[in-house]
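A short write-up of the structure that comes next.
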Amino acid sequence: MHSKTLLLQFAMEIARQAGDLIVHEREVAGLQHDYKGGKELVTQADLQADELICSAIRARYPDHEILSEESSPDAGRIWERVQYVWIVDPIDGTVNYAHGHNQSAISIACVVGGDVAVAVVFNPFTDEMFHALQGEGAFRNGKPIAVARETELSRAIIATGFPYVKEGLGPMIRRVEAVLTHCADIRRLGSAALDICFLAMGRLDGYYESLSVWDFAAARLIALEAGAECGHFSELPAGADPQFHNKDLLIANPRLYPKLLELLVAANQQQST
Ligand code: IPD
Ligand code: CA
Ligand code: CA
């Protein structure tokens, strides 16, 4: 049995090392751009950060498994059969990163016995380290954080994101229309992990998007521990574990959550009529 505090310290250390690497690659070495599947931007820094994080995990914890966007994206639901699983996004916000924006982060979660128990999201450009341990609260640079108390949609700032694949945008645009009509404003900041951490500390009131598990595994625990309600605006398939279900995520402060849920469900119904 590994101490969760030690797992957290280790995750923070490797997130900082990967942070130094991605800053250096962009600011000193210079980036090489490539496109996964012809569409999805990836740089040498994504791959090098992935290698740094995964080799550090393998060296320290040889019996743990890894699900990482860049080196093992198809590992599947390994947490159902393995006690310790690390879920890694070496750079969340690659498009921002490659275009010189500073809204990007390293996201590392550790699943212990089937539950996301340790979470780290680190933005090296702003030196913001978000972390959480299951049941022990959420923190930004060591200080406790909590969700905002906004209760009115008309005053709420909602973040979302848009997929790389451009097919089937209609339903998504209807949701954006509903949110723009009823809420104060929308943000598309470009890093789902940071969007969710921003929500956790009250910089945003609501967030919704469909993602991959490495985008949100860590940030979701941080938001939960900060008092957010985390769910989905479409029905969960039978047997799906909400911690890992990636489609139609909805995260908000608990007062706003039911109102946003109603709005998004109505927008979804509109699309099928
Ligand atoms: C992306 C970011 C973005 C979200 C995309 C993700 P990446 O992750 O989180 O905000 O809208 O769906 O794929 O590709 O930069 O790791
Ligand atoms: Ca990502
Ligand atoms: Ca990524």
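Within the range 110-200, the trypsin sites (Lys or Arg not before Pro) that combine a DSSP coil assignment with at most 13 other C-beta atoms in a 10 angstrom radius are Arg149, Lys166, Arg188. Compared with the dominant Cα axis of the chain, that is its longest principal axis, helix 4-24 is turned about 90°. Counting only Cβ charges, +1 for Lys and Arg and -1 for Asp and Glu, the dipole size of the range 93-158 around its Cα centre is about 120 debye. Of Cys197, Cys230, the order by accessible heavy-atom surface (1.4 Å probe, DNA, RNA and ligands excluded), from most exposed downward, is Cys230, Cys197.
Between Val116, Ile158, Cys197, the Cα set farthest toward the positive side of the dipole of the chain (charges on each charged residue's Cβ, about the Cα centre) is that of Ile158.
For a modelled paramagnetic label at Tyr35, 7 Å from Cα along Cα-to-Cβ, the residues of the range 54-97 in reach, with backbone nitrogen under 17 Å, are 94-96. Between the listed residues His24, Asn102, Val179, the Cα displaced farthest toward the positive end of the dipole of the chain, a dipole computed from Cβ unit charges relative to the Cα centre, is found at Val179.
Axis angle, to the nearest 10 degrees, between helix 257-271 and the longest C-alpha principal axis of the chain: 70 degrees. Taken about its Cα centre, the range 4-144 carries a charge dipole of roughly 300 debye when the Cβ of each Lys and Arg holds +1 and the Cβ of each Asp and Glu holds -1. Pair-distance distribution of the chain: all C-alpha pairs, bin width 10 Å, starting at 0; shares per bin in whole percent are 7, 31, 36, 21, 4, 0. Number of Lys-Lys pairs in the chain with C-alpha atoms under 27 Å apart and a separation of 8 or more places or on different chains: 7.
Taking GluC sites (Glu not before Pro) in DSSP loop states with no more than 15 other Cβ atoms inside 10 Å as exposed sites, the chain has its longest site-free stretch at 1-135. In the chain, the longest principal axis of the Cα atoms and the axis of helix 213-225 are about 70 degrees apart. Just check the range 4-144 against the gyration tensor rule for me: Cα atoms, a ≥ b ≥ c as the square roots of the eigenvalues, rounded for a/c under 1.5, and otherwise prolate or oblate depending on whether a/b exceeds b/c. Oblate is the answer for the range 4-144, as a/c is 1.5 or above yet b/c matches or exceeds a/b. In this structure, the amide hydrogen of Ala117, modeled 1.01 Å from its nitrogen in the peptide plane, lies closer than 5 angstrom to those of Cys110, Val111, Val112, counting only residues at least 5 positions away or on a different chain. Note on Ile186 and Glu235: with the Förster distance fixed at 25 Å, the Cβ-Cβ geometry gives a FRET efficiency of about 0.50.
The values are calculated or read from the model by the stated rules, or taken from the named source; none is laboratory data. From a predicted model like this one, the values you see are computed outputs, not experimental measurements. All Cβ positions, even for glycine, are placed from backbone atoms using ideal geometry, and neighbour counts span all protein chains on display. Note: accessible area is taken over every heavy atom of the protein model, side chains too, but ligands, DNA and RNA are not part of it. Shrake-Rupley method; radii C 1.70, N 1.55, O 1.52, S 1.80 Å.
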